[in-house]
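Data block below; observations after.
Read the figures in this text as sums done on the coordinates, not as results from a lab. Remember, predicted model here, so these are calculated numbers, not experimental data. Please note: Cβ atoms are built from the backbone with ideal geometry, for glycine as well, and neighbour counts cover all protein chains shown.
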Amino acid sequence: MNELGHIEDLPADYREALTQQNLVPLWPSLRGLLPPGKPQPRTRAIAWSYLALRPLLIKAGKLTPIEKAERRVLVLANPGHGLEKMQASAAIYLGMQLLLPGEWAPSHRHTPNAARMIVEGEGAYTTVNGEKCPMRRGDLILTPTGLWHEHGHDGDKPVIWLDVLDLPLVYYMEASYHVDGERQAIKPGRGESTHATGGMVPTPMFERSGKAYPMLRYPWAEARAALETMAADQPGLEAIQLTYINPETGSDAQNILGFYALMLRPGQTLRLPVRSPAMVFHVIEGAAQVTVEEQHFALAEADTCCTPGYSAASLRNPSADKPSFLFIADESPLHRKLGVFENRG
Ligand code: GTQ
């Protein structure tokens, strides 16, 4: 690879003349824009300890009333991007949100897609376009682009969940905005949750709903049972993994980020393929050791970590007798749609 010229090689008066006309020479930046062989991601492999962040989140509950915060969230920011950018990777935003008993985070809708992985507590719910979705540990709840959503809490202890949004991408596209709304009327019955029957979808008057987001809540109890069944059925199966999908189309549940549940058998090490998208790992149950290139992270329950794209990573369950369960989010749907997805094995 040949070295190209530096900006300092150019005479100062020439550089000044370019700047005056909003012109920039390409060649000093060409290798940075198009590095050889693989990208040079800003995204760093980094982990956030739940035990360490929880007291700060609880303290935020004392310092800032919900009326002032609207959403009481500590953002899991990747220093590789600069903390102020509030992004975990190029396309992924992560936040830990706290709702205290009796609190209400008012209704709004926005262009970025959001998903919530429930970490702790009982009795809270998110209402998405009128569908009341109970929040129990390990549940995945979608609030896709443009859908009204608000959070309420009838329980008696704090509820905490992990927000996963494609905010950095939508913001970068200059397409990010929100609209405030009125408290939603809750639809009677089970509503869209009838979709939770695997392999069957409602077909009133011989038509499917045709909704872009027919299923909004993916209960952990069902995902966990499905993983355990897969593991028992196929003792030789390496990656015991499920993808959260749109049950009407079989496509990823959302357009930009992908969501998955993974089980590691006791003592199992799983080497992941080297792929272009960045990934997020969150421990729902048990523990996991994540190795990314030369870095190691020992994740306990409720800990979260992210890895850049094009990196070699492996996951290990350190327990000799208990399985561990992970929630994974990644940028695969985005990379596939853009035609830049790569799997280098
Ligand atoms: O709960 O609606 O972490 O709008 C960031 C923006 C959560 C939410 C976040 C949001 C929300």
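Tabulated data for the structure shown
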{"read-out": "Protection-proxy order for peptides 285-293, 8-16, 225-233, each taking the mean of Cβ atoms within 10 Å per residue, highest first", "value": "285-293, 225-233, 8-16"}
{"read-out": "Projected-area average for the chain over all orientations - Cα convex hull basis, square nanometres", "value": "22.3 nm²"}
{"read-out": "Förster-model FRET efficiency, 45 Å R0, residue 42 and residue 203, C-beta, rounded to 0.05", "value": "0.45"}
{"read-out": "Cβ-defined net charge surrounding residue 286, 14 Å radius [Lys, Arg +1; Asp, Glu -1]", "value": "0"}
{"read-out": "Alpha-carbon Rg with Dmax, taken over the stretch 1-84, Å", "value": "22.2, 58"}
{"read-out": "Computed over the stretch 113-221, Kirkwood Rh from alpha-carbon pairs, angstrom", "value": "15.2 Å"}
{"read-out": "The stretch 262-345: trypsin sites (Lys or Arg not before Pro) in DSSP loop, at most 12 other beta carbons within 10 Å", "value": "344"}
{"read-out": "Calculated log₁₀ intensity ratio I(q)/I(0) where the Debye formula runs over C-alpha points of the stretch 41-100, q = 0.12 Å⁻¹", "value": "-0.32"}
{"read-out": "Built amide H within the under 5 Å cut-off of residue 140, gap 5+", "value": "218, 220"}
{"read-out": "Mean projection area, nm², convex hull over Cα of the stretch 199-256", "value": "5.1 nm²"}
{"read-out": "GNM flexibility winner over the chain from 105, 221, 90 (Cα, springs under 10 Å)", "value": "221"}
{"read-out": "Filter on 59/85; 59/132; 157/322; 68/157; 68/211; 68/322 - keep pairs with C-alpha separation over 32 Å", "value": "68/211; 68/322"}
{"read-out": "Dimensionless Rg ratio for the stretch 202-313, taking C-alpha atoms and the 2.2 N^0.38 Å reference", "value": "1.24"}
{"read-out": "For the stretch 30-166: span of alpha carbons on each principal axis (Å, largest first)", "value": "55, 32, 28"}
{"read-out": "Residue 177-residue 157 FRET efficiency (beta carbon distance; Förster radius 25 Å; 0.05 resolution)", "value": "0.15"}
{"read-out": "Fewest-first ranking of 315, 63, 140, using other Cβ atoms within 10 Å as the exposure measure", "value": "63, 315, 140"}
{"read-out": "Residue-averaged [θ]222 nm for the chain, counting only DSSP H segments that reach four residues, each worth -39500 (n - 2.57)", "value": "-4500 deg cm²/dmol"}
